[in-house]
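Trainee: The structure's right below; bear with me while I get my questions together.
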Amino acid sequence: MHLGVSIRALALATAGVFAAVACGPTTTTGNNQAPPDKQVLRVNIDTEPGTLDPTQQQWVYEAAVGRNVFEALTRPKGDLSDVEGAAASSWTISPDGLTWTFKIRSGEKYSDGTPVTASDFVTSYKRILDPTVAASYESFFEIIAGASGYAGVDAKNAAAVKTFVDGLGVSAPDANTFVIKLDHAAPWFKWVTSLWLAAPIKKSEVDAAGANFGAVTPDAAAKIHGNGAFVISELVPKDHITLSPNKQYRTQAVLQKVQLLYYTDANVEFAKFQNGELDITRGVPSPDVPTVLGDPKLSKQVLRGPTLLNWWVDFNTTKAPLNNTDLRLALSKSIDRDSYIKNVRKGIGTPSTYFIPNGERGYEPSDTQKFDCTAAKASLAKAKSAGVTDAQLATLHYMYSASSARKVTAEFFQQQWQTCLGINVTVDAVESKTYARNLRTHNYSIGGVSGWQADYPDGQDWFDIFVTGSGNQFSGWSNKQYDDLVQKGDNAPKQADRDTAYSAAQKLLEQEAPVMFLYQDEKFLLIASKVKGYTKTALDDDWIGDVATPTSMYIAA
């Protein structure tokens with residue numbers, strides 16, 4: 001997810017390092033719990049969600065709500081070896097691998113007490129693949145029978161949309177049975193069923209709200225009822241969202257309130273944590289990393305560990321001059337990533353010129369975009385010989401989501417491009433929602449830093465990001481050879497054949513450079529000593545979500 005929420009969701013970079021719902025019997029957390037009125041967890045998610053509709057969510061700060069208010073069919077196991085039942089108690093796969101039959105858990109209910117039925121999953125899966133909805137994660141579901149023609153459907157033609165959606169291979173033969181038919185066998189599809197956005201939604205609520213379903217408004221608590229461990233109990237626009245336990249959920253959370261706060265400035269976040277006003281941060285301001293590591297109290301509250309998260313800078317390939325590959329390579333090769341990690345990140349993270357992160361199958365070191373000023377100048381010369389002009393170069397802007405920490409990164413890039421290539425790139429700080437919207441609509445030239453963190457440990461989760469028309473890539477890049485390689489990797493029955501196809505696709509992506517790979521992150525965030533019961537994983541969520549269980553977390557006395 002774009003960080004994020006892969007927990008996979010697309011990621012918006014903050015200054016620091018970044019950091020399912022439980023099933024089974026009620027969790028026992030010991031005898032040192034604080035009383036119920038003290039079971040309050042305050043977490044910074046950086047940005048107000050753009051939507052509360054799980055189908056439409058894309059960013060980590062949105063999934064922070066969606067994962068907890070809604071629950072998908074499955075969830076990853078704690079060791080990421082497989083998935084386990086969540087809203088579904090069991091499932092079977094036909095011998096040919098094409099038909100997946102899920103049994104909805106007995107007694108599954110929405111927070112308003114109404115039962116969750118298989119038809120609710122039909123509603124949600126069809127909504128994900130509805131061209132009028134334009135869900136960002138839609139491409140992950142095109143393997144469903146009838147869905148491959150998604151890109152060819154005219155979203156303005158209601159009859160065509162209805163015919164397409166009605167023809168999708170999802171059905172509910174009875175209230176407790178949800179059936180998915182695939183175009184071809186794909187063992188990795190189990191991970192898709194664990195995505196938070198593929199949760200049941202109430203058709204009556206969608207119909208009542210229409211285009212406003214999921215609107216981030218104070219009355220959202222009365223309009224949105226999910227089947228997850230928490231409910232939205234309070235929404236204060238531009239300030240916070242409060243989650244409280246869903247009394248209908250099978251395992252009751254110890255936490256009585258989870259406040260999701262929006263501190264975009266890492267310095268403010270750090271101060272709030274030090275003052276005891278925040279329990280979990282998104283990271284640590286890079287200049288303060290040495291201070292934190294040397295502080296006897298703060299150093300004991302650091303969560304540090306590996307993560308499957310890579311960051312990059314987006315190039316808008318749909319407009320000149322960045323439709324020129326050599327220019328994109330010149331800009332990529334002119335960034336000294338070692339200096340960036342040392343001087344800007346203060347040692348947090350690893351320089352990266354590769355796509356698949358170290359620690360996941362498919363990781364391959366690459367020098368294609370490696371810092372080399374001489375090679376960068378040669379690439380720029382090739383771009384100019386192909387028609388790129390100095391006047392066009394003078395129009396380049398680097399857009400970033402406004403914060404003092406991100407400003408440092410923007411100015412580092414600006415200085416590097418000026419020093420190596422003599423290109424003066426203007427840096428523009430924009431409000432976070434505007435930044436996200438500009439990326440989606442290709443209303444920018446260079447944007448960053450954005451990236452991806454594993455929703456699940458399979459190459460399909462990564463390579464599908466850059467296929468033509470994917471809602472999760474912002475470069476507008478389209479390459480049929482890449483698309484064909486990814487399709488082969490997605491569909492090949494043998495893992496060795498998948499690896500070969502993905503490897504070739506990765507090399508092509510690095511050479512074409514629709515994005516400039518920058519660094520692989522590591523978790524480096526602060527968690528108050530009183531917070532217990534969380535799970536540290538290589539996925540993108542450390543407190544509630546795919547693996548860390550909201551029902552096991554608590555505040556110690």
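Here, each number is a calculation from the coordinates, and none is a lab measurement. Owing to the predicted nature of the structure, the values given are computational and were not obtained by experimental measurement. Reconstructed Cβ throughout: ideal geometry from the backbone, glycine too, with neighbour counts over all protein chains shown.
Trainee: Give me the log10 of I(q) over I(0) for segment 74-148 at q = 0.15, 0.17, 0.25, 0.27 Å⁻¹, as the Debye formula computes it from C-alpha points; what are the numbers?
Mentor: Debye output, listed in q order: -0.69, -0.88, -1.26, -1.25.
Trainee: In whole Å and largest first, what semi-axes does the C-alpha gyration tensor of segment 256-348 yield when each eigenvalue is scaled by 5 and square-rooted?
Mentor: So the equivalent ellipsoid measures 35, 18, 11 Å along its semi-axes.
Trainee: Any of Lys156/Lys203; Lys38/Lys109; Lys77/Lys523; Lys333/Lys382 with alpha carbons more than 24 Å apart? Name them for me.
Mentor: Lys38/Lys109
Trainee: Would you mind counting up the charge near Ser89? Only other residues with Cβ under 13 Å from its Cβ, with Lys and Arg at +1 and Asp and Glu at -1.
Mentor: +1
Trainee: Among the aspartates and glutamates, select those whose C-alpha is under 15 Å from the C-alpha of Lys126, and discard any that sit fewer than 8 residues away in the same chain.
Mentor: The qualifying aspartates and glutamates are Asp53, Glu138, Glu142, Asp166, Asp207.
Trainee: Now, a different point. What aspartates and glutamates could a cross-link reach from Lys530, if we take a straight Cα to Cα line under 17 Å and drop same-chain neighbours fewer than 8 places away?
Mentor: Asp37, Glu277, Asp279, Asp542
Trainee: Per the helix-only calculation at 222 nm, which mean residue ellipticity applies to the chain, given -39500 (n - 2.57) for every DSSP H run of n ≥ 4 and division by its residues, nearest 500 deg cm²/dmol?
Mentor: The helix-only estimate for the chain comes to -7500 deg cm²/dmol at 222 nm.
Trainee: Greater than 27 Å separation of Cα atoms is the criterion. Which listed pairs, Lys181/Lys507; Lys103/Lys480; Lys238/Lys407; Lys300/Lys346, meet it? Don't skip to the answer; put the middle values down first.
Mentor: Values: Lys181/Lys507 33 Å; Lys103/Lys480 39 Å; Lys238/Lys407 22 Å; Lys300/Lys346 19 Å.
Pairs exceeding 27 Å: Lys181/Lys507; Lys103/Lys480.
Trainee: Given axes a ≥ b ≥ c from the Cα gyration tensor, I'd like to know whether segment 40-122 is rounded (a/c under 1.5), prolate (a/b larger than b/c) or oblate.
Mentor: prolate
Trainee: Hey, another quick one. Stokes-Einstein D for segment 326-485 at 10 °C, 1.306 mPa s, Kirkwood Rh over Cα pairs, in µm²/s?
Mentor: 93 µm²/s
Trainee: Based on the mean of other Cβ atoms within 10 Å per residue, sort peptides 222-229, 397-404, 436-443, 479-486 so the most packed one is first.
Mentor: Highest to lowest by the protection proxy: 222-229, 397-404, 479-486, 436-443.
Trainee: When the gyration tensor of segment 113-191 is built from Cα positions, what are the square roots of 5 times its three eigenvalues, in whole Å, from largest to smallest?
Mentor: Square roots of five times the eigenvalues give 21, 16, 11 Å.
Trainee: So for the chain, taking the charge dipole from beta-carbon charges (+1 Lys/Arg, -1 Asp/Glu), which of Val206, Ser194, Leu255 sits furthest toward the positive end?
Mentor: Leu255
Trainee: Students often check this: by mean Cβ neighbours within 10 Å, which of 498-510, 287-299 ranks highest, and how do the rest follow?
Mentor: Ranked by mean Cβ neighbours within 10 Å, highest first: 498-510, 287-299.
Trainee: Any idea what % of Cα-Cα pairs in segment 370-463 are farther than 18 Å? Write out the running numbers ahead of the final one.
Mentor: Working: 2536 of 4371 pairs.
Roughly 58 percent, rounded to a whole number.
Trainee: Around Met399, which amide H atoms from residues at least 5 apart in sequence, or from another chain, sit under 5 Å from its own amide H, with H modelled in the peptide plane?
Mentor: Asp428, Ser445, Ile446, Gly447, Gly448
Trainee: Quantify how much of the Cα-Cα distance distribution of the chain extends past 29 Å, in percent.
Mentor: Details: 79421 of 154846 pairs.
Percent of Cα pairs beyond 29 Å in the chain: 51.
Trainee: So who's got an amide H within less than 5 Å of the one on Ala34, skipping anything under 5 residues away but keeping other chains? H placed 1.01 Å off N, in plane.
Mentor: Residues meeting the amide H criterion: Ile555, Ala556, Ala557.
Trainee: Tell me, what HN-Hα J-couplings in whole Hz come from the Karplus equation 6.51 cos²θ - 1.76 cosθ + 1.60 at θ = phi - 60° for each residue of segment 218-230, using x for Gly and Pro?
Mentor: Values, residue by residue: x, 8, 4, 4, 8, 10, 10, 10, x, 10, x, 6, 10 Hz.
Trainee: What's the ranking of 172-180, 148-156 by average number of surrounding C-beta atoms within 10 Å, highest first?
Mentor: Going by the mean number of other Cβ atoms within 10 Å, highest first, we get 172-180, 148-156.
Trainee: Just the number, please: percent antiparallel of the DSSP beta bridges in the chain, rounded to the nearest 5.
Mentor: 80 percent
Trainee: Can you give me the long-range amide H partners of Thr177? Hydrogens built in the peptide plane at 1.01 Å from N, cutoff under 5 Å, separation of 5 or more residues or another chain.
Mentor: Ile104, Ala118
Trainee: Could you sort out which of Lys162/Lys494; Lys272/Lys433; Lys247/Lys532 sit more than 32 Å apart by Cα distance in this structure?
Mentor: Lys162/Lys494
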